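Novice: Submitted below is the structure of interest, expressed as structure tokens.
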Amino acid sequence: QSFHKEMGFFYPKGLEDLVKTNDTIILNDIWKSFLLKKIYKLNNTYQEHLNNKLLKFKGLTNYAAIHIRRGDKVSGRMKESHLIETNKYFEFLENSNYKFENIFISTDSPDALQECINLYGNKYNLIYDDTEIRHDGYPCKVVYEGLNLNETSQEELITALKNFEILKNSDVLVGTPASWFFRISMLLRPYDKIKDVLYAENLSNIPGYPE
């Protein structure tokens, strides 16, 4: 792999103009994206599972995506961050230059999904997977509440892969860097789309970010 050096930093070759012209892109995120794309490879079995999951979203284009993290991330003994109200995600999108009628909702919280429907279902074409099982904090349910890992991990993994795929291919992505699921989705995006990301809170509120 060839690299380009500028101002003391090395960039993967081909990203020079991207780094120079997009001030909102953090250098670390470009490197993380580069490395993640090198290792994020599915074997044939999981690729087939993913393709089957995506069939109901075939033809989905021209859409924004919102990822809302709740559950153990914002409450309980595994809490790592604070709750962001559902309307804040939409407000960040509405106050931006991005305008979309189609909005894909990704969340592990059935309550958050219902809030989206109640508040914005008549305003936007909300797209979501009505077959998805939303555990509202899967890790916590496994560790502390006895959710059977052997019976649920396969479906949970394929569901995660499906959401990664839809989030990374969106025209604009909204979420919080406090969620690693959101950050992975962001880093999997094409390099020229990493800039098309809206953070539903001030980055200074996120410990260790920017890194």
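The values are calculated or read from the model by the stated rules, or taken from the named source; none is laboratory data. Since the structure is predicted, the reported quantities are computational estimates derived from the model, not experimental observations. Because the Cβ atoms are built from the backbone with ideal geometry, glycine has one as well, and the counts that use them run over all protein chains shown. SASA here: full protein model, heavy atoms, side chains in, ligands and nucleic acids out. Shrake-Rupley method; radii C 1.70, N 1.55, O 1.52, S 1.80 Å.
Novice: In region 106-128, what residues are free of Cβ contacts under 8 Å to residues at least 40 places away in the same chain and outside any helix (DSSP H, G or I)?
Specialist: Listed by number, the residues that qualify are Asp108, Gly121, Asn122, Lys123, Tyr124, Asn125, Leu126, Tyr128.
Novice: Going residue by residue through region 17-32, is there one that turns out to be at pLDDT 90 or above and surrounded by fewer than 15 Cβ atoms within 10 Å (Cβ to Cβ)?
Specialist: no
Novice: Need at least 2 residues that are closer than 24 Å to Tyr63 by Cα, at pLDDT 90 or above and in contact with an Asp or Glu (Cβ under 8 Å, 6 or more places away or on another chain) per element, so show me which helices (runs of 4 or more DSSP H) inside region 130-211 make the cut, counting only ones lying wholly within it.
Specialist: 149-168, 180-187
Novice: Can you tell me which condition Lys41 does not meet? The list is (1) surrounded by fewer than 12 Cβ atoms within 10 Å (Cβ to Cβ); (2) under 17 Å from Ser185 (Cβ atoms); (3) modelled with pLDDT under 80, and all the others hold.
Specialist: (3)
Novice: Could you grab me the full set of residues in region 147-197 that are open to solvent by 20 Å² or more (accessible area, probe 1.4 Å) and among the hydroxyl-bearing types (Ser, Thr, Tyr)?
Specialist: Thr152, Ser153, Tyr191 - these are the residues of region 147-197 that are open to solvent by 20 Å² or more (accessible area, probe 1.4 Å) and among the hydroxyl-bearing types (Ser, Thr, Tyr).
This table checks each residue for (1) modelled with pLDDT of 65 or more; (2) in a helix (DSSP H, G or I); (3) out of contact with any strand residue (DSSP E or B) (no Cβ under 8 Å at 6 or more places or on another chain).
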site	(1), (2), (3)
Tyr46	yes, yes, yes
Lys79	no, no, yes
Leu83	yes, no, yes
Ser96	yes, no, no
Phe100	yes, no, no
Phe104	yes, no, no
